[in-house]
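Peer 1: A single structure is presented below for examination.
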Amino acid sequence: MPVHACPIREGARHHPDAEALTFAGGAWTYRALDAEVSRWVAALEAHGIGAGARVATLATNHAASVFLYWALGRVGAVLAPLNARLTEAELTPMVDDLQPQLILALESLLPRLPAALPLEAFVKPAHTASETCGALEDASPRVVLFTSGTTGRPKGAVLTEGNFRASSRASAANLGAHPAPRWLGTLPLFHVGGIAMLTRTAYEGGCLVLHERFDADAANRAFDTERVSHASLVATTLERVLDARHDRPLPPSFALALIGGGPVPVPLLARARAARLHALQTYGLTEACSQVTTERPSEADGRTAGVPLPSVEVRIVGAEGLVQEPGAEGDIEVRGPTVMAGYWQRQEATRDTLRDGWLRTKDVGVLDGRGRLTVLSRRTDLIVRGGENLYPAEVEAVLLNHPAVQEAAVAGFPDERWGEVPVAFLVPRVGQERPGREALEAWCRSSLAGFKVPARFVWLDALPRNAMGKVERTVLRKQNLR
């Protein structure tokens, strides 16, 4: 099995003065980043972190997360970056499931993880550089990323060194050669897309232009003054970039942007192209290490999510388990070296999702005669709000705990800004006064991240159900909310 050296150490040997990372006014060459990572290795070793150990983090984008990621690779440990938007109640079952040997969090987020050490202060002045720099096999686990299932219970997708390297190679082959790409890092490093940019730039000898969070003005400054060549966006952030620059064309140094998180309106893509922001639609998921299909730059028309990346296979499977012909709808299944190793300590879920080498995404789509994928539904009942995935079951569970709510169902509705927002349909409990919108929002926010809070609450006399007693969300989605 192939073994791989740390790309930061390799970069320090072959192009030491090339820029590898920028963040908050700071910049690190490959030589400087290699030295900093070596100090983080020493700090990890001082805490007894070695091969197979699990380290959980809670952080918005920060240079320290980059140092930690590469340091963990050198000692053979595994990173579990937790969503910084989640509440303590949402984070606790993930930590319990993972049982990490070390937990680190930005100081501002420490109250949500009481057992965590401050990430910014993890490396002490006494920590001198460690020479440890182990090689990794393709099968070496690198990251556990928690993703909700249709029941809302989080599952940790285990992604390997081989997954990230295969994804990087396949993406580069599709996008075309680019010397030392400079990726704008606005996607969070607790999402697979963010880590994909982190790894991709290092493997290709490029630079990650890391931002703490997405800000349209800051993104435009990076395009105009920092020679950013690539970016990963969603429809809402793409539109905000164009609005902020008043459709002023991007400089020639910019090559293209990948647009994920769901379908993008064709007029928005046309507007982007007019501003020299060449945008490619893409479809991916955590379990496949980010991209599965992406438009080819020479063929992009904004009407599909493109073709499978090189080395990745996609098929459409019908209700009877038969592979569908082009033009027929069915479940999207994926096979290739980017597919995860499985779910952390969830053998049954792994067996259900990985069958005969194929990843059963539970997304619904169709392939055309040219092999291009159109995604029709992002998993059963999944709501994609501004690129963030949320499932109705999780929100419904919180609403059903309210003393005034007898029944609850949540469905996604189109939204011009966010693409889709959750709307809650509620049946009141007899004898209880119906709470207003503000009270219900406060109730939800006590247990849920802000992006999961319903945009509207609609009271009904009864929820529509089928003969099996299941809520008919298709009927709810036909409700006139005006």
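The values are calculated or read from the model by the stated rules, or taken from the named source; none is laboratory data. These numbers come from a predicted model, not from an experiment. Positions of Cβ are backbone-derived with ideal geometry, glycine not excepted, and every protein chain shown enters the neighbour counts.
Peer 1: Looking at segment 368-421 only, could you name the residues that are more than 21 Å from the chain's Cα centre (by Cα), assigned to a strand (DSSP E or B) and closer than 26 Å to residue 145 by Cβ?
Peer 2: The one that is more than 21 Å from the chain's Cα centre (by Cα), assigned to a strand (DSSP E or B) and closer than 26 Å to residue 145 by Cβ: 410.
Peer 1: Among what's in segment 174-196 and is surrounded by fewer than 23 Cβ atoms within 10 Å (Cβ to Cβ) and of a type in the set (Gly, Ala, Ser), pick the residue that is nearest to residue 61 (Cα to Cα).
Peer 2: 194
Peer 1: Next question. How many of the residues making up segment 207-221 are without any contact (Cβ under 8 Å) to a residue 60 or more places away in the chain and either surrounded by fewer than 22 Cβ atoms within 10 Å (Cβ to Cβ) or touching a Pro at 6+ places or on another chain (Cβ under 9 Å) (or both)?
Peer 2: Residues flagged as without any contact (Cβ under 8 Å) to a residue 60 or more places away in the chain and either surrounded by fewer than 22 Cβ atoms within 10 Å (Cβ to Cβ) or touching a Pro at 6+ places or on another chain (Cβ under 9 Å) (or both) within segment 207-221 amount to 7.
Peer 1: Still on this structure, please answer the following. Which condition breaks for residue 115 when tested against (1) under 12 Å from residue 57 (Cα atoms); (2) loosely packed, with under 15 Cβ neighbours inside 10 Å; (3) aliphatic (A, V, I, L, M); (4) in contact (Cβ under 8 Å) with a residue 40 or more places away in the chain?
Peer 2: Result: residue 115 passes all but (4).
Peer 1: Taking strands (runs of 3 or more DSSP E) that do not extend beyond segment 263-336, which have at least 3 residues that are in the same structural domain as residue 415 (by TED's automatic domain parsing) and not polar (S, T, N, Q)?
Peer 2: Correct list: empty, since no element meets the threshold.
Peer 1: Here is a further query. So, in segment 428-482, of the ones that are polar (S, T, N, Q) and surrounded by fewer than 13 Cβ atoms within 10 Å (Cβ to Cβ), which residue ends up modelled with the highest pLDDT?
Peer 2: 446
Peer 1: Looking at segment 371-393, is at least one residue loosely packed, with under 14 Cβ neighbours inside 10 Å and modelled with pLDDT of 85 or more?
Peer 2: The answer is yes; a qualifying residue exists.
Peer 1: Here is a further query. If we keep just the residues of segment 147-173 that are part of a strand (DSSP E or B) and small (Gly, Ala, Ser), which is surrounded by the fewest Cβ atoms within 10 Å (Cβ to Cβ)?
Peer 2: If we take residues in segment 147-173 being part of a strand (DSSP E or B) and small (Gly, Ala, Ser), then 148 is surrounded by the fewest Cβ atoms within 10 Å (Cβ to Cβ).
Peer 1: Against the conditions (1) without any contact (Cβ under 8 Å) to a residue 40 or more places away in the chain; (2) in a strand (DSSP E or B); (3) touching a helix residue (DSSP H, G or I) at 6+ places or on another chain (Cβ under 6 Å), where does residue 16 fall short? Just the number, please.
Peer 2: (2)
Peer 1: Residue 228 is checked against (1) modelled with pLDDT under 95; (2) in a loop (DSSP other than H, G, I, E, B) and fails just one. What number does that condition carry?
Peer 2: Every listed condition holds for residue 228 apart from (1).
Peer 1: Name, by its number, the condition in (1) modelled with pLDDT under 95; (2) in a loop (DSSP other than H, G, I, E, B); (3) more than 29 Å from residue 18 (Cα to Cα) that does not hold for residue 213.
Peer 2: (3)
Peer 1: Can you tell which of 143, 95 is in the same structural domain as residue 31 (by TED's automatic domain parsing), at pLDDT 95 or above, on the phi < 0 side of the Ramachandran plot and not in a helix (DSSP H, G or I)?
Peer 2: Sole residue among the options that is in the same structural domain as residue 31 (by TED's automatic domain parsing), at pLDDT 95 or above, on the phi < 0 side of the Ramachandran plot and not in a helix (DSSP H, G or I): 143.
Peer 1: Now, a different point. If residue 153 meets every condition in (1) over 12 Å from residue 57 (Cα atoms); (2) at pLDDT 95 or above; (3) of a type outside the set (Val, Ile, Thr) apart from one, which number is that one?
Peer 2: Every listed condition holds for residue 153 apart from (2).
Peer 1: Report, by residue number, each residue of segment 241-260 that is touching a strand residue (DSSP E or B) at 6+ places or on another chain (Cβ under 9 Å), over 19 Å from residue 175 (Cα atoms) and not aliphatic (A, V, I, L, M).
Peer 2: none
Peer 1: Keeping to segment 445-467, report how many residues are more than 19 Å from residue 418 (Cα to Cα) and outside any loop (DSSP other than H, G, I, E, B).
Peer 2: 3
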